[in-house]
Amino acid sequence: MKKYILLWVLMSLWCVPVWGLAPTNTPAPVKNVIWVIADGMGPEIMGFFMEGVRYANLEGYPEHVSSMEKMIQQGTQGLFFNKTYDTIVTDSAASGTQMATGQYSRPDYIGIDYNQNKVQTILELAQEKGKSIGVISDAYVTDATPAAFTAHVRSRRMKEQIAEQQIELGVDVISGGGLKYFNKDLLAKAKAKGYTLVKNRTELAKVKQGKLLALFSETGMPMAIEMYKHPNTPVLAEQTQKALELLEQNPEGFFLMVEAGKVDWAAHANDPGSLLAEMKVLDATLKTVMEYADQHPNTLVYLNADHDTGLGSFVYQYLNSQKVAEKTKQGEVLYNGNTAYHPLSRYKELEKQKRSLYYVSQELYATPDSMLTRDYVERRLGETMGMQVDLSGIQDFKDIDGVLKYINKQRGFAWATGTHSAAPIIGVAYGPHAELFSGVYHNTDIFPRMKKALGWE
Ligand SMILES: [Zn+2]
């Protein structure tokens with residue numbers, strides 16, 4: 001008997017390290033996935049935000065480190081392209097569809113490939129595998145990005161049909177704006193399917209289990225910079241926290257898509273102050289999901305964007321534009337003594353901004369021409385910017401676009417466009433299997449990589 005015990009002990013000593021080595025090189029498949037998509041967040045926007053946190057003393061970052069920076073430092077990064085089937089630049093619908101299904105699509109298409117065939121999304125697959133699923137947006141839930149994960153329609157504008165399909169699919173958590181797109185019948189149907197409908201922060205806090213349909217505004221949720229006017233509307237991190245609380249009750253795990261949807265809107269409006277506010281909202285959400293992943297090590301977090309919007313950045317400016325125009329005509333570029341370089345304190349000016357430039361510009365467009373004097377426009381924009389505005393260089397105060405460009409120039413900011421660009425996008429993965437998301441890839445390659453991380457192939 002003693003001999004056998006000795007043999008057993010020897011075997012154990014020999015086997016343990018061998019067992020320890022071989023299979024643990026590959027971590028077990030992940031149980032939960034949290035995919036954060038910052039709509040419109042090109043690499044220059046990530047840089048704009050992280051640089052401000054690091055060097056410009058932005059409010060809310062006493063240690064001068066953003067969660068985004070932490071995620072990049074501790075995770076894995078890759079660079080990817082987002083061309084559609086036959087266009088260089090994408091919209092959110094095609095990009096969302098390509099990311100959610102792994103198939104090439106076309107602008108305006110939701111959940112269908114370029115031949116208009118319905119294709120299964122990663123969320124539908126996760127549901128089939130027994131996981132709970134959720135979509136969150138701080139824009140509205142039938143917007144192109146959440147729609148691409150949960151619906152199949154010919155056009156992103158078919159918002160009522162998208163809402164119907166989301167309820168039909170039985171997405172466990174649907175949270176964001178867009179109440180308008182859920183008619184009475186659909187809300188009744190949702191109730192019959194076990195959904196709790198909530199419309200504000202107080203009601204959201206009370207939900208402890210079951211399916212959630214949270215619709216905090218008729219259409220898009222308020223811009224981050226104007227959220228102070230809506231004290232009972234939850235921010236993206238709160239929506240995410242509640243979704244995690246509900247979804248994690250499934251022992252099979254969950255797949256949650258979170259969209260920071262208004263990074264895109266701020267960039268479309270060429271509004272750096274608003275953009276900074278939206279990026280802070282995103283960063284607080286990243287903090288929430290990284291903390292969750294740290295406490296639940298079988299959780300993979302992936303952060304990316306669907307495309308870049310605006311190609312906006314701080315730039316330096318020429319002081320004598322007449323001279324510059326003459327020289328550049330001759331193929332020469334001026335450097336010495338003709339340029340203004342902006343200080344980092346420009347960031348602090350952006351933090352003073354109190355309203356979305358887009359909303360204010362809409363109001364100014366609706367103002368009768370006779371009222372659009374220098375005094376009036378300076379006062380309105382001054383209130384928006386939270387500081388005095390000098391429009392001495394402006395001749396035509398009815399040209400609101402021109403005025404806004406001038407304001408951006410004063411702030412040291414330039415935008416290439418009010419639309420999307422083809423800039424490549426940075427994807428950051430955090431948690432087990434993060435290495436799958438390194439390298440250079442295309443947005444249709446994300447789907448198979450997700451499947452691999454989840455052990456589905
Ligand atoms: Zn987009």
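Sequence gap at least 6, Cα distance under 8 Å: using those rules, report the relative contact order of the stretch 353-411 to the nearest whole percent.
Working: 40 pairs, mean separation 21.6, N = 59.
So the answer I get is 37 percent.
For labels at His296 and Glu435 in the simple 7 Å Cα→Cβ model, what's the distance in nm?
Reported label-point gap for His296 and Glu435 is 2.5 nm.
I'm a student and want to see the number: the projected area of the Cα convex hull of the chain, averaged over all directions, in nm². Write out the running numbers ahead of the final one.
Numbers: hull surface 117.6 nm².
The Cα convex hull of the chain, projected and averaged over all directions, gives 29.4 nm².
On C-alpha positions alone, give me the angle between the axis of helix 236-247 and the longest principal axis of the chain, in degrees, nearest 10.
20 degrees
Seen from all sides and averaged, what is the projected area of the convex hull of the Cα atoms in the stretch 353-411, in nm²? Could you put the intermediate results ahead of the total?
On the way: hull surface 14.0 nm².
Mean orientational projected area (the stretch 353-411, Cα hull): 3.5 nm².
Given a cut-off of under 8 Å on Cα pairs at least six residues apart, what relative contact order in percent is computed for the chain? Before the final figure, lay out the partial values.
Numbers: 893 pairs, mean separation 120.5, N = 457.
Dividing the mean separation by the residue count of the chain yields 26 percent.
Compute the separation of the alpha-carbon centres of the stretch 183-254 and the stretch 104-171 and state it in Å as a whole number.
After rounding, the separation between the Cα centres reads 18 Å.
Give the calculated FRET efficiency between Thr26 and Glu128 to the nearest 0.05, with a Förster radius of 25 Å applied to their Cβ-Cβ distance.
Calculated value: 0.55.
Separation of the stretch 336-368 and the stretch 406-431 by C-alpha centroid, Å?
15 Å
Sum up the charges of everything whose Cβ sits under 14 Å from the Cβ of Glu349, counting Lys and Arg as +1 and Asp and Glu as -1, but leave Glu349 out.
Values: positive: Arg346, Lys348, Lys352, Lys354, Lys409, Arg411; negative: Glu59, Asp271, Glu351, Asp390.
Net local charge, Glu349 excluded: +2.
Which stretch or stretches of the stretch 196-235 have amide N atoms under 17 Å from the point lying 7 Å from Glu363's Cα along the Cα→Cβ direction?
Once the point is set 7 Å along Cα→Cβ of Glu363, 222-230 turn out to lie under 17 Å by backbone N, inside the stretch 196-235.
Would you calculate the convex hull of the Cα atoms in the stretch 131-241 and tell me its volume per residue in Å³?
On the way: hull volume 10.9 nm³, N = 111.
Per-residue hull volume (Cα only) is 98 Å³.
Measuring from label point to label point, each 7 Å out along Cα→Cβ, what is the Val315 to Arg157 span in nm?
3.3 nm
Would you calculate a helix-derived [θ] at 222 nm for the chain, using -39,500 (n - 2.57) for each DSSP H run of n ≥ 4 and dividing by the full residue count, to the nearest 500?
Details: 18 runs with 190 residues, N = 457.
Calculated from helices alone, the mean residue ellipticity at 222 nm is -12500 deg cm²/dmol.
Lys and Arg at +1, Asp and Glu at -1: add these up for the other residues within a Cβ distance under 11 Å of Ile122 and post the number.
Once positives and negatives cancel, what remains is +2.
For the chain, find the longest principal axis of its Cα atoms and tell me its angle to the long axis of helix 92-101, 0 to 90°, nearest 10.
10 degrees
Any chance you could give the angle, 0 to 90 degrees and rounded to 10, that helix 400-410 forms with the longest Cα principal axis of the chain?
80 degrees
What's the extension gain from Glu383 to Tyr55 if we count 0.36 nm per residue and subtract their Cα-Cα distance?
Details: separation 328, 0.36 × 328 = 118.08 nm, distance 2.68 nm.
Additional length available on full extension: 115.4 nm.
Using a 7 Å offset from the Cα along the Cα-to-Cβ direction at both Lys229 and Thr373, what is the distance between the two label points in nm, to one decimal?
2.6 nm
Gain in length, Lys354 to Gln73, computed as 0.36 nm per residue apart minus the alpha-carbon separation, to one decimal in nm? Before the final figure, lay out each step's value.
Working: separation 281, 0.36 × 281 = 101.16 nm, distance 3.21 nm.
Taking Lys354 through Gln73 to full extension adds about 97.9 nm, to one decimal.
Counting Lys and Arg as +1 and Asp and Glu as -1, what is the net charge of the other residues whose Cβ lies under 15 Å from the Cβ of Phe182? Can you show the working numbers first?
Working: positive: Lys159, Lys180, Lys184, Lys189, Lys191, Lys193, Lys199, Lys211; negative: Asp143, Glu160, Glu164, Glu168, Asp185, Glu218.
Charge balance near Phe182 sits at +2.
So how do 424-436, 182-194, 216-228, 30-42 stack up, highest first, on mean other-Cβ count within 10 Å? Intermediate results must be reported in sequence, preceding the final value.
On the way: 424-436: 21.2, 182-194: 13.8, 216-228: 18.9, 30-42: 26.2.
Ranked from most to least packed, the peptides come out as 30-42, 424-436, 216-228, 182-194.
Mind checking the stretch 37-80 for GluC sites (Glu not before Pro) that DSSP puts in a loop (not H, G, I, E or B) and that have at most 10 other Cβ atoms within 10 Å? Write down the numbers at each step before the final one.
Numbers: sites: Glu44, Glu51, Glu59, Glu63, Glu69; in loops: Glu59, Glu63.
Of the GluC sites (Glu not before Pro), the ones in loops of the stretch 37-80 whose Cβ has at most 10 other Cβ atoms within 10 Å are Glu59, Glu63.
Read the figures in this text as sums done on the coordinates, not as results from a lab. Not measured: the values here are computed from a predicted model. So basically every Cβ, Gly included, is an ideal-geometry build from the backbone, and we count neighbours across all protein chains shown.
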